[in-house]
Amino acid sequence: MMAQPYKGICYCTSLRRSAAAISDFYNASLEPAGLTVAQYYLLVNLSRFGAANITQWAEQVGLDRSTMVRNIKVLQAHDLIETIEGRGKTFALSSEGRRVLALATPLWEDAQKQTESLLGRANAEAIFLIGEKLQGLGR
């Protein structure tokens, strides 16, 4: 059952409900690839690095180390990443990870287009501007 849109006065509640709704939408969009939007985000960022240790990867995606370790375990369990031995643990996409990412990327791109179509270009761009300001809140 779909919840009624929030029309209250609390910015936090509005943003939390909106974040849940868009996460659900992207998760459903990525389901054919077997990924959540969070997993897709992690794989895309690791792909950009080529290979990265936990600290580099966590800093790039804005997660603390313990959260990153939990996420890495899930990605490893699905054979999406591999460990490259060397100086500390370094991770890279596995061949399965590259395959799944290639399958997921057009699904993500379609979700992006649908989101922009719903919001309109100006509102879609405003999300980035507002998000950037909100991420600096309390710092």
Cα convex hull volume per residue for the range 67-122 (Å³): 127 Å³
Dipole-positive endmost among 107, 28, 129 within the chain (Cβ charges, Cα centre): 129
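Give me the net charge of residue 81's neighbourhood, meaning all other residues with Cβ under 15 Å from the Cβ of residue 81; Lys, Arg count +1, Asp, Glu -1.
Residues close to residue 81 contribute a combined charge of +2.
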Averaging sequence separations of C-alpha pairs under 8 Å and six or more residues apart, then dividing by the length of the chain, give the relative contact order as a whole percent. 22 percent
Accessible solvent surface per residue of the range 30-102, calculated while the other protein chains remain in place, 1.4 angstrom probe, Å²: 57 Å²
Under 1.5 on a/c is rounded, so check that first for the range 32-117, then, if it is not, pick prolate when a/b is larger than b/c and oblate when it is not; a ≥ b ≥ c are the square roots of the alpha carbon gyration tensor eigenvalues. prolate
Nearest 10 degrees, 0 to 90: what angle lies between the long axis of helix 37-49 and the longest principal axis of the chain (Cα atoms)? 50 degrees
Carbon and sulfur together cover what percent of the accessible area of the range 70-136 at a 1.4 Å probe radius? 55 percent
For the range 1-72 and the range 78-108, write down the distance between their C-alpha centroids in whole Å. 17 Å
Take residue 115, project a point 7 Å from its Cα along the Cβ direction, then tell me which residues of the range 30-58 have their backbone nitrogen under 18 Å from it. 30-46
Point-to-point label distance, residue 103-residue 66, nm (Cα→Cβ direction, 7 Å offset): 3.4 nm
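The values are calculated or read from the model by the stated rules, or taken from the named source; none is laboratory data. Predicted, not measured: the structure shown is a model, and the values here were computed from it. Please note: Cβ atoms are built from the backbone with ideal geometry, for glycine as well, and neighbour counts cover all protein chains shown. Ligands, DNA and RNA are excluded from the accessible area calculation, which covers all protein heavy atoms including side chains. Shrake-Rupley method; radii C 1.70, N 1.55, O 1.52, S 1.80 Å.
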